[in-house]
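Below you'll find the structure, written out as structure tokens, and then a few comments.
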Amino acid sequence: MTNAFSRIGRMCASVVFGGGLLAGSSFAAQTINVTLPHAVTVGSTTLPSGQYTLTTLEMTDGNEYFVVRGQNTPTLTMQAQRVDVNQDEKTRMVLSKDGDTWHFDKLYVEGDSNAYEFSK
């Protein structure tokens, strides 16, 4: 009886692990290097000017997220919306200014017919 429960437990564990691998493979990631010429505010955090990496996380539900990493700054996650663009653009980050505060506005990625628009 103990062996039967042991086998069922191992089988369930392997099914859960295999399901985790399938879920993990449904995400796509791309890393983009960005130089911020100004301090940029994301939510309640202000990122100083400097070098950052943005890593895309495309979720299966259609939402786009970017993980922002820099030296000596906290790691942030931002949500973005895909928007159609008329032409292929070079990879570039567009910032917007609201008073004295800069924000991420749009990200264009070379070879992608979509851009990513960030909410403030």
Per DSSP, the loop-located GluC sites (Glu not before Pro) within region 40-120 having at most 16 other beta carbons within 10 Å are Glu110
Counting sequence-distant residues (5 or more places) and residues on other chains, those with an amide H built under 5 Å from that of Thr91 are Glu110
Given a 1.4 Å probe, the accessible area of region 57-120 per residue, as a whole number of Å², is 65
Rounded to the angstrom and largest first, Cα extents along the principal axes for region 47-104 equal 31, 25, 21
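The values are calculated or read from the model by the stated rules, or taken from the named source; none is laboratory data. Values in this document were obtained by computation on a predicted structure and should not be read as measured data. Virtual Cβ from ideal backbone geometry, glycine too; neighbours counted across all protein chains shown. Side chains included, ligands, DNA and RNA excluded: accessible areas come from the protein's heavy atoms. Shrake-Rupley method; radii C 1.70, N 1.55, O 1.52, S 1.80 Å.
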